[in-house]
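Asks: Once you've had a glance at the structure underneath, I'll fire off some questions.
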Amino acid sequence: FTCCGITSYSDWNPQTPPQSCCEHNESSPTCGSTTSNLYDRGCASEFSSFMETNLLAIGITAVIIAVLQLISISAARSVYHDIEGTYA
């Protein structure tokens, strides 16, 4: 993400923003001393935008994982009952 702080770089006041807030991650020691080199958007809005953009893919992935887990549970129960029947 290209962001700084939760809402903006001003979240870091009175501290100097970290290097990750600097555009292009400039290694200059003066990078955080002026606001012209810092990302304007906060990470909360960047993350929210990312989630909105990728919501369908995230949802499909979650459903696939849930189905795979249910299949695994069913297979494990089946194996358990087979083993239990063998030794009973």
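Asks: For Ala44, only one of the following conditions fails: (1) loosely packed, with under 10 Cβ neighbours inside 10 Å; (2) touching a residue at least 24 places away in the same chain (Cβ under 8 Å). What is its number?
Replies: (1)
Asks: Modelled with pLDDT of 95 or more and assigned to a helix (DSSP H, G or I): does that describe Ile83?
Replies: Spelling it out, it is not the case that Ile83 is modelled with pLDDT of 95 or more and assigned to a helix (DSSP H, G or I).
The values are calculated or read from the model by the stated rules, or taken from the named source; none is laboratory data. Just so you know, these numbers come straight off a predicted model, no measurement behind them. With ideal geometry, Cβ positions are generated from the backbone for all residues, glycine too; neighbour counts draw on all protein chains shown.
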